[in-house]
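**Student:** Dumping the structure here so I can ask a few things about it.
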Amino acid sequence: MPTSAGRYLLLASALHVALAITIFLLAHFRVLPNTFDQNGIGLTFAIDSTTYQRVASDLVDEWRNNGFTGWMKAQAPLHSRLYSVSFAIFGKLVGHNILAAEPLNLFYYLSILTCVYFLGREVFNAQTGFIAATIVALWPSFLFTSTQLMRDPLAIACLLALMFVLVLVVGREFRWPSGMLIGVLGALLATLFWLARGNMWNVVLVAIAITLALLVSRMICEKRFISGNAIVMILVIAAALIVPPRLESTTLPGTVPPQTPLAIPTGSHPPMRENAWTTELKQISTRRAGFRFYNARASDIDPEVQFHSMGEIVHFIPRAFVIGFFAPFPRMWVQRGSFGLAVRVVSGLETLAMYFLYVAAGFRVWRERRNRKMWLLFLVATIGMLALGLVVVNAGALFRLRYACWILMIVLAADFRGFTERSGSQSR
């Protein structure tokens, strides 16, 4: 990273800590009681944090009463377990609130920005990485959400770091010792993502499949076998096939953990009787139907649509593309939702900003159409948003789940070389 990287990371840290403290003070003195609860949890944009905060607090009590063994045996999402460690360390000073979670949230936030910078630098150049990281750092809803007790920051950091590993596989050449090291890192990142957000595991499978195809095409074009890069892919693919049936994705108590049909079965997890397409259809239908129990249903889009065959899914793909990329739609930006008008306006402004960034990203895709690394980011982001459009009914949930895909699009849009060259030629 550039020599000024430390300074920029300190500025980002100061911004994040200042925001967390401000939110906590507003909550503590009940300045905005309908927006934040007493722990600083955002009731209008991160309501799930109330549940995760309670789980993390219960885990602290479990450790205190029954020791490490009881803490490990208690069922809880991975991110809540990590927050409980932060609560145990800092909770005695500030309580079990967002201030106690801030050291961990700050680590996630800086990790995401660092990954964004390295992705932009590796795919395009250092300037693109810096611009993309700056946009992400100042993105309002992402910045506020990153102060909460959500699983999204951990999952996004893992996915972006894994994407960086895959970009390196597509663009660089490794000797086998380096390939072993990078491959183990990629396998660990894939495992962490499975534990943190197994219900979006298909995004990882798509990223691995695209990377494998791009690597094979590179070897064919160069007419040689790149052994170090192949080792990386073997280790990452092995983790993707071996880990899910042997290590359960962490969920809340009483919640059915996600499963994947593309895995090597074990004795405790025998092969599924149905084929992969049937299993995937059931998962999509079940997850889509689950939004019937979502609290904030004023933002639902096509809630009546349910899938009973693959043909119905294929028929809905154009609509899913529109939802995944462009929801919430302009008419929703000025309508009062379940949590008032302000959240709708902010989400509308951010969505409008993304419309312009889509255009910039599309321009960059055309200019860099021979860049394999660019295609990896673009295809993963596009397929990810399409998949979310198929599954997610609620626009508010879609907005939050889409952050990782939006970040990849921001990396593509942040390379302004074509625009600056054109404007320079026009001025001449």
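**Student:** Want the number for F321 to L10: 0.36 nm per residue separation, take away the alpha-carbon distance, what's left? Walk me through the numbers before you get to the answer.
**Tutor:** Working: separation 311, 0.36 × 311 = 111.96 nm, distance 3.84 nm.
Going from the current span to full extension adds 108.1 nm.
**Student:** Name the long-range amide H neighbours of D300: under 5 Å, sequence gap of 5 or more, or other chain; modelled H, no Pro or chain starts.
**Tutor:** A395
**Student:** Also: Could you report the accessible area of C158 in Å², rounded to 10, computed with a 1.4 Å probe on the protein chains as they sit in the structure?
**Tutor:** Taking all protein chains as shown, C158 has close to 10 Å².
**Student:** What is the sum of charges around S227, taking Lys and Arg as +1, Asp and Glu as -1, for the other residues whose C-beta is under 11 Å from the C-beta of S227?
**Tutor:** On the way: positive: R175, R224; negative: E173.
Residues near S227 contribute +1 overall.
**Student:** Summarise the accessible area of the chain (1.4 Å probe, protein heavy atoms) by the percent that is carbon and sulfur.
**Tutor:** 67 percent
**Student:** OK, next. With all protein chains present, calculate the accessible area of S309 using a 1.4 Å probe and round the result to the nearest 10 Å².
**Tutor:** 50 Å²
**Student:** Further question on the same structure: Under 27 Å Cα-Cα from K92, which lysines qualify once same-chain neighbours fewer than 8 residues away are excluded?
**Tutor:** Correct list for K92: K73.
**Student:** So, one more: For the full complex of protein chains and a 1.4 angstrom probe, list V334, V345 by accessible area with the highest value first. Could the numbers behind the result be given before it?
**Tutor:** Values: V334 115, V345 60 Å².
Largest accessible area first, the list is V334, V345.
**Student:** With every protein chain present, what accessible area does H315 have (1.4 Å probe, heavy atoms only), rounded to the nearest 10 Å²?
**Tutor:** We get 150 Å² for H315.
**Student:** Another question about this same structure. Cα to Cα, under 29 Å, and not fewer than 8 places away if on the same chain: which lysines meet these conditions relative to K223?
**Tutor:** K373
**Student:** Decide, for the chain, between rounded, prolate and oblate: order the square roots of the alpha carbon gyration tensor eigenvalues as a ≥ b ≥ c, take rounded if a/c falls under 1.5, and otherwise choose prolate if a/b is larger than b/c, else oblate. Each step should come with its number before you reach the end.
**Tutor:** Working: a/c = 1.29, a/b = 1.15, b/c = 1.12.
Judged from the Cα gyration tensor, the chain comes out rounded (a/c under 1.5).
**Student:** Would you mind checking which residues have amide H under 5 Å from F36's amide H? H placed 1.01 Å from N; only 5 or more apart, or other chain.
**Tutor:** The list, which skips near neighbours in sequence, is L43.
**Student:** Can I ask one more? Largest first, how would I284, I89 line up by accessible area (1.4 Å probe)? Don't skip to the end; give the middle numbers.
**Tutor:** Numbers: I284 20, I89 105 Å².
Greatest to least solvent exposure: I89, I284.
**Student:** While we're looking at this one, here's another question. Decide, for region 107-209, between rounded, prolate and oblate: order the square roots of the alpha carbon gyration tensor eigenvalues as a ≥ b ≥ c, take rounded if a/c falls under 1.5, and otherwise choose prolate if a/b is larger than b/c, else oblate.
**Tutor:** Working: a/c = 2.22, a/b = 1.23, b/c = 1.81.
Oblate is the answer for region 107-209, as a/c is 1.5 or above yet b/c matches or exceeds a/b.
**Student:** At a threshold of 8 angstrom on Cα-Cα distance, excluding pairs fewer than six apart, so keeping six or more, what relative contact order does the chain reach in percent? Could the numbers behind the result be given before it?
**Tutor:** Numbers: 563 pairs, mean separation 64.8, N = 428.
Relative CO of the chain lands at 15 percent.
**Student:** From largest accessible area down, sort W63, W366, W71; use a 1.4 Å probe on the protein chains. Could you put the intermediate results ahead of the total?
**Tutor:** Numbers: W63 110, W366 165, W71 25 Å².
Solvent-accessible surface, decreasing: W366, W63, W71.
**Student:** Take the alpha carbon gyration tensor of region 149-263, find the square roots of its eigenvalues, order them as a ≥ b ≥ c, and report rounded if a/c is under 1.5; if not, report prolate when a/b exceeds b/c, else oblate.
**Tutor:** Working: a/c = 2.38, a/b = 2.13, b/c = 1.12.
It comes out prolate by the Cα gyration axes.
**Student:** OK, next. In whole Hz and in residue order, list the ³J(HN,Hα) couplings for region 343-358 that follow from phi through the Karplus curve 6.51 cos²θ - 1.76 cosθ + 1.60, θ = phi - 60°; x for Gly and Pro.
**Tutor:** 5, 5, 5, 4, 5, x, 5, 5, 5, 4, 4, 5, 4, 5, 5, 4
**Student:** Here is a follow-up. So what is the relative contact order for region 1-133, in percent, with contacts set as C-alpha pairs under 8 Å and at least six apart? Intermediate values should be presented prior to the final figure.
**Tutor:** Details: 122 pairs, mean separation 24.5, N = 133.
Answer for region 1-133 is 18 percent.
**Student:** Could you tell me the relative contact order of region 316-421? Use alpha-carbon pairs under 8 Å, at least six residues apart, and round to a whole percent. The partial results should precede the final answer.
**Tutor:** Details: 104 pairs, mean separation 39.0, N = 106.
This gives 37 percent for region 316-421.
**Student:** Between beta-carbons, use under 13 Å as the cut-off and find the net charge around K373, counting Lys and Arg +1, Asp and Glu -1. Don't skip to the end; give the middle numbers.
**Tutor:** Numbers: positive: R121, R172, R218, R364, R369, R370, R372; negative: E122, E368, D415.
Charge balance near K373 sits at +4.
**Student:** Based on DSSP H runs of at least 4 residues, each adding -39500 (n - 2.57), what is the mean residue ellipticity at 222 nm of the chain after dividing by all its residues, to the nearest 500 deg cm²/dmol? Walk me through the intermediate numbers first.
**Tutor:** Values: 18 runs with 306 residues, N = 428.
Only helices count here, giving -24000 deg cm²/dmol.
The values are calculated or read from the model by the stated rules, or taken from the named source; none is laboratory data. Quantities reported herein were computed from a predicted structural model and do not represent experimental measurements. With ideal geometry, Cβ positions are generated from the backbone for all residues, glycine too; neighbour counts draw on all protein chains shown. In case anyone asks, the SASA skips ligands and DNA or RNA and just uses the protein heavy atoms, side chains included. Shrake-Rupley method; radii C 1.70, N 1.55, O 1.52, S 1.80 Å.
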